[in-house]
1. Using a Cα-Cα cut-off of under 20 Å, which aspartates and glutamates could be cross-linked to Lys102, ignoring same-chain neighbours fewer than 8 residues away?
2. Quick one: 3J(HN,Hα) in Hz for the stretch 118-134, Karplus 6.51/-1.76/1.60 with θ = phi - 60°, rounded, Gly and Pro as x.
3. Just subtract the alpha-carbon distance of Gln144 and Leu99 from 0.36 nm times their residue separation and send over the number in nm, one decimal.
Amino acid sequence: MLKSIQAGAIAASLLASPVVFAQKVDSAQSKKDIIAKILKIQQPAIEALTIGVLSRPVNELAAKAAPQLRNVPEAKREAVAKQIDADLRKFLDDNAKPLVEKGVKLAPSTMGVALDEKFTEDELKQLLAWLESPVSKKFAESSQELQTLYTKKLIDDNSKQLDEKFTALQQNVAKQLGIETSPAPSASAPKSSAKPAPAPAPKK
């Protein structure tokens with residue numbers, strides 16, 4: 001009798017296990033699908049982040065090149081400035097699209113894995129519902145304007161003070177190095193996250 005009961009229990013467990021396994025697979029697939037939808041919605045932000053990574057060193061190069069234009073003969077200055085600007089923009093144009101494509105492919109194995117590890121399926125469903133909501137979409141559309149307003153006000157209110165302090169810092173460093181300095185570019189000048197700042201045209 002005991003053996004028959006044990007056999008029946010084993011048989012029941014064997015019959016149930018495929019169902020449990022199927023439920024786990026369905027749950028994992030469901031979670032994977034939710035993450036895929038989240039990444040799809042976030043793709044514009046991912047692309048912008050990728051462009052920012054590419055454009056940051058280009059902007060820094062443009063900022064360093066700008067004061068050096070003063071050393072170019074005035075007759076050639078405008079042409080040199082335009083050529084530098086064209087070279088920087090060409091670099092972005094040539095490399096932005098391939099890097100964005102690689103970034104989009106990389107997102108599931110980086111951001112996707114992190115979402116899977118840090119969020120439960122229920123939390124991901126709530127997140128997806130928020131991202132798909134009209135309020136979330138409106139906020140995303142307004143975010144650039146909000147950042148622009150904040151950045152402009154921050155610079156307007158503090159640029160003079162920061163410029164004076166940055167100039168003093170530059171002069172102090174130059175003094176320690178025993179070199180003379182020319183006026184430095186504004187420390188508070190905003191940097192674009194998408195395109196390099198164009199090289200300044202010569203003063204007439």
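1. Result set, ordered by chain and number: Glu47, Asp93, Asp94.
2. Computed from phi, the couplings for the stretch 118-134 are 9, 10, 7, 4, 5, 5, 5, 5, 5, 5, 4, 4, 5, 5, 8, 6, x Hz.
3. Length gained between Gln144 and Leu99: 14.0 nm.
Bear in mind these aren't lab numbers, they're just calculated from the coordinates by the rules spelled out. Model, not experiment: these values are computed from the prediction.
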